[in-house]
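No value in this document is a laboratory result; all are computed from the given coordinates. The structure presented is a predicted model; accordingly, all values stated were derived computationally and were not measured. Note: ideal-geometry Cβ built from the backbone for every residue, glycine included; neighbour counts use all protein chains shown.
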Amino acid sequence: MLKRRIMSMGLAVMLAATAMTGCGNSAKSGSSDSADKKVVIYSNADDEAITAMQNALDNNGYKGKYSFEGFGTSELGGKLLAEGKNIEADMVTMSTFYLDSAQKQNNMFKKLDFEVNTIDKFGDYAAPITSQEGAIILNTDLMKELKLTTPTCLKDLTKSEYKGHLSITDVKSSSTAWLLMQALISEYGEKEAQNILKQIYINAGDHIEDSGSAPLKLCRAGEVAIGFGLRHQAVADKEDGQPIDFVDPTEGNFSLTESVAVIDKGDKSNPEAMKMAQCIIENGRKELQQSYPNPLYKGESSDNKNKSKYPRPSQSRLPLNCMRSISSYLMR
Amino acid sequence: MILTVFFVLFLGLPVIRLLCRSFSGEDGGVTLSVYQSVFQQKKFGQALGNSFLIAALAAGLATIVAFILAYTCYYTNLPKRFKNIIRLAAMLPMFLPTITYGFAIIYSFGHQGLITKTLGHTLPFELYGIFGLLVGYSVYTIPVAFLLVSNTMQYIDKKVMIVSKVMGDKAHATFWIAIVRPLLGTLCGAFIQAFFLSFTDFGIPASVGGRFEVVASVLYDQMLGGIPNFGKGAAVAMIMLLPSIVSICLLQYLERFNIRYKKISDAELSQNVVRDVVWSILSVIALVLMLCIFVVIFVAPFVTDWPNKISFSMEHFVSVFTDSDLLSIYGNTLAMAVLSAAAGTLAAYGAALVTARSRMPKWCKGVVEGIAMVTNTIPGMVLGVAYMFVFSGTSLQNTMGLLIICNVIHYFSSPYLMMKNSLSKLNESWETTAGLMGDSWIKTIIRIVTPNVKESLWSVFGYYFTNSCVTVSAIIFLVGSRTMVLTTKIKQLQYLNKFNEVFVLSLLIFFTNLIAKALFAGLAKYKPMRVTQKLFQKKETLC
């Protein structure tokens, strides 16, 4: 009897909770049509960057007036390309090349109405927030255990001693791999770069990953001793006391930028979104630069303990069609 | 009728939209060039072959294990408590989101894995590739296969076994006649379900596939890779739909093996200690192997940083449970799961009634069968992307309603099969008898059929609930800032490399499912008492 009573009570509670959240949702969406609705920001940025942007907004009077939703790069990329202007977000922060292709395909972003004084040229709808560099990542414990020599450059990764202990990302699916490719091409030329890349692929074997963060993940889990990934993530792990270290390859630390863009929703656009974008750029860069030291705007310096050894300006950005041709070459 | 409209709108439309996409060239005209370029990739044919091989192996393994477990539950004289443990343990992998499977396998069998360290040496064979996939896929599909097999097994008349023995059949002949043959349809159904679950999953190959390329990862690369190409992705998805046609034909053929009974009788099983011991050992081995993979999920969150800093710590729990958004996200998850379960049960029951207990024309039943198979073959990711194309800009976008509809469609297949199997085991003449006595078909269904399949209905409800709690591949594209659920939160955390938090939330989902399961099991057994019964009981207690 008691059991039954508990059960029916449980069900009742569950239904009540359902009804309540249901109402909660409708109440929220009901008020969302009014002027004071929150600005929805979709972002693929890492934790450090999101915190920096939130601080910039909170300290300038936007606390509680926005909501950040994090997505993986591929999911958010898919959403941008498929949903276009219909996307729920009022503002996005995303890898710049994705914003570029979404703009080209859907013409979905507003021209920014504030000054964007960048060192390199960007589309008039995008203002860069971070510049992310690639680096070689090491699991120090495993390096010792396997008695591997520390690589100094990307070409070193072709050495046979690393076979089975290396993880990289797949050019087909991750932009992090492009950082590796760019460095090789600029240093060795296209032909030689392809040979080197092929050898690196052979060494990586089972650990050619889809996601940019996977090599670091595998280093952390002790599955591989060496990976190629995003530098700032490795820096954070090292500071956190993990057995992780990193090497700036002599070919250069190439970088990809992430930018903020405001969705053009016609008369449904939330005017606050543009102001918040401006606020992030004007007030957030200082904190952002602590994790992502590369200067992006005129007047910024890169004097920082986290600065990489061989930073490369991002003008040497590779065009998308070049990526395509190389990735199709590797797939042959 | 309503069902048909529902499926046309929410399954047909997105699929057709995708089909168009796969046939349109860069200039917008109709072309086959997309398919050509897909097939020209040398690795595509190989990936397709690999997928067939590994999915079939895993499905075979899952079906065998499911049969062993179900058999132990229904055909041995083991203590009831032991059987209940088996029933629960077989379902446990389903209670965890599939995102965690890959980590669980690497953190168990990898160089620094829990099991590797416990055993003291690494695996004798390569983890990445066939082995990893086989382990991942079969563990992933065993619960579904077990659900289907055991669901049918409870409707098998055990007296047939006694009759067979009395007639002097040999042991293996009895086994075949009384158990395997009546189960044949279901076993194949379970195999096919498991096959397609493996065939379409991309989370497991992404983490442990190694160089063994499967078609689901090709799909992922095309759809959402560094250079997304929806056209090519759509073409790959369409090619992945083809095997479902074969399976529809196969299931139609196997229909003839389904046996109906006038009455299901619980005959006493003969005492046989050897049999009981052998089957229970087999079950225990299977379950231990299956569940040992997940031990790490219960250990890692309590450790400062697995596997590098191993000391007890609650900081991950604190950081997750102090997140102010958690409550609303949890509320969303529960709401989505309960509503998906209610709507899904209704849809599956309705559809199964059409095919199993109505006099609808044959083509009509064929259409329902087809829908069920297609829902099973569409990878969640494809469904999600297709929904984005169709419903963005409509008032459904980012709503709870769309998430629920998506779940109902995405998981329709197994519940439908479960319902159909149970319904077709019931005596066929009930409707006729009731009809003769003046009841309408609807009345018969409500008054006679429904009470008799109550347990199946609750397990379907539970199936939908659980899957809605753990699903991510489709709804990741459909959630909005106000409709975030736990799994999409997990996906965010995973993206930020916060694995310990991922495990904490996985545990939260796990225990939610465990409690829900207990609740549903209780409700399934609950029989409303009549007044006379109550009086009788009172009298007894007074005496």
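General remarks:
- A simple spin-label model places pseudo-atoms 7 Å from Cα toward Cβ; at B:Lys362 and B:Phe317 they are separated by 6.1 nm.
- ³J(HN,Hα) computed for each position of the stretch B:7-24 - Karplus, 6.51 cos²θ - 1.76 cosθ + 1.60, integer Hz, glycine/proline x: 6, 4, 5, 9, 10, x, 4, x, 5, 5, 4, 5, 4, 4, 4, 6, 9, 8
- Computing FRET efficiency as 1/(1 + (r/R0)^6) for B:Leu282 and B:Ile310, where r is the C-beta to C-beta distance and R0 is 41 Å, gives about 0.75.
- Label point distance in nm, B:Ala171-B:Arg81, each placed 7 Å from Cα along Cα→Cβ: 2.9
- The alpha carbon centroids of the stretch B:436-503 and the stretch B:351-374 are separated by 22 Å.
- Extension gain for the segment B:Glu268 to B:Thr4, taken as residue separation times 0.36 nm less the Cα-Cα distance, is 90.6 nm to one decimal.
- For the stretch A:221-253, the residues whose backbone nitrogen is under 17 Å from a point 7 Å from the Cα of A:Thr152, taken along Cα to Cβ, are A:246-253.
- Projected area averaged over orientations for chain B, convex hull of C-alpha atoms, nm²: 30.7
- Note on B:Thr432/B:Lys43: beta-carbon distance plugged into 1/(1 + (r/R0)^6) with R0 of 51 Å gives a FRET efficiency of 0.35.
- Approximate shape of the stretch A:171-260 as ellipsoid semi-axes (Cα gyration tensor, √5λ), whole Å, largest first: 22, 16, 13
- Residues of type lysines that B:Lys117 reaches as a straight line, Cα spacing below 16 Å, ignoring anything fewer than 8 places off in the same chain: B:Lys309
- Dipole-positive endmost among B:Gln252, B:Ile293, B:Met314 within the stretch B:225-360 (Cβ charges, Cα centre): B:Gln252
- 5 angstrom amide H check on A:Met91, placed H, neighbours 5+ away: A:Val40, A:Tyr42, A:Ile263
- Taken one residue at a time, the phi angles of the stretch B:217-224 give Karplus couplings (6.51, -1.76, 1.60, θ = phi - 60°) of 6, 4, 4, 4, 4, 6, 5, 10 Hz. Gly and Pro are set to x.
- Inter-label distance, A:Phe114 to A:Ser269: 1.5 nm, where each label sits 7 Å from its Cα along the C-beta direction.
- Paired Rg and Dmax values of the stretch B:89-218, which use every Cα atom, in angstrom: 19.3, 58
- Over the stretch A:137-177, volume per residue of the alpha carbon convex hull, in Å³: 85
- Distance distribution P(r), the stretch A:69-215, all Cα-Cα pairs, bin width 5 angstrom from 0: 2, 8, 15, 17, 15, 13, 11, 9, 6, 3, 1, 0 percent.
- In this structure the amide hydrogen of A:Ile129, modeled in the peptide plane, comes within under 5 Å of the amide hydrogens of A:Glu258, A:Ser259, A:Val260, none closer than 5 places in sequence on its chain.
- For the stretch B:306-418, taking the reciprocal of the average inverse distance between every pair of different Cα atoms yields a Kirkwood hydrodynamic radius of 17.1 Å.
- Here the translational diffusion coefficient of the protein assembly as shown follows from Stokes-Einstein with Rh set to the Kirkwood radius across Cα pairs; for 10 °C and 1.306 mPa s it amounts to 55 µm²/s.
- FRET efficiency estimate (nearest 0.05) - Cβ-Cβ, B:Val295 to A:Glu300, R0 45 angstrom: 0.35
- Listed by chain and number, the lysines whose alpha-carbon sits under 21 Å from that of A:Lys305, ignoring those within fewer than 8 places in the same chain, are A:Lys238, A:Lys286.
- In a fully extended conformation the segment linking A:Lys159 and A:Thr250 would gain 31.2 nm over its present Cα-Cα distance, using 0.36 nm per residue.
- Max-minus-min Cα coordinates of the stretch B:400-527 on each principal axis give 65, 27, 22 Å, with the largest extent listed first.
- For the stretch B:155-195, the residues whose amide N sits under 19 Å from a probe point set 7 Å from the Cα of B:Tyr253 along the beta carbon direction are B:181-195.
- Dipole check for the stretch B:29-542: with +1 at the C-beta of Lys and Arg, -1 at the C-beta of Asp and Glu, and the Cα centre as origin, the magnitude is about 1580 Debye.
- When the Cα positions of B:Leu426, B:Ile475, B:Val460 are compared along the charge dipole of the stretch B:29-542, B:Leu426 comes out farthest toward the positive end, with charges on each C-beta of Lys, Arg, Asp and Glu.
- Put the Cα centre of the stretch A:40-56 next to the Cα centre of the stretch B:150-204 and the gap is 54 Å.
- Entries in A:Lys37/B:Lys498; A:Lys268/B:Lys491; B:Lys83/B:Lys454 that, when Cα-Cα distance is taken, lie over 23 Å: A:Lys37/B:Lys498; A:Lys268/B:Lys491
- Mean separation of Cα contacts under 8 Å (6+ apart) over length of chain B, as relative contact order %: 21
- As a proxy for reagent exposure, ranking B:Thr76, A:Thr149 by other Cβ atoms within 10 Å from fewest up yields A:Thr149, B:Thr76.
- Scanning residues 5 or more positions from A:Gly134 or on other chains, those with amide H under 5 Å from its amide H are A:Arg231, A:Phe254, with H placed 1.01 Å from N in the peptide plane.
- Selection of trypsin sites (Lys or Arg not before Pro), the stretch A:120-204, meeting DSSP coil and at most 10 other Cβ within 10 Å: A:Lys121, A:Lys147
- Reachable aspartates and glutamates from A:Lys79, criterion Cα separation under 16 angstrom, eight or more residues apart if same chain: A:Glu69, A:Glu88, A:Asp90, A:Asp100, A:Asp264, B:Asp221
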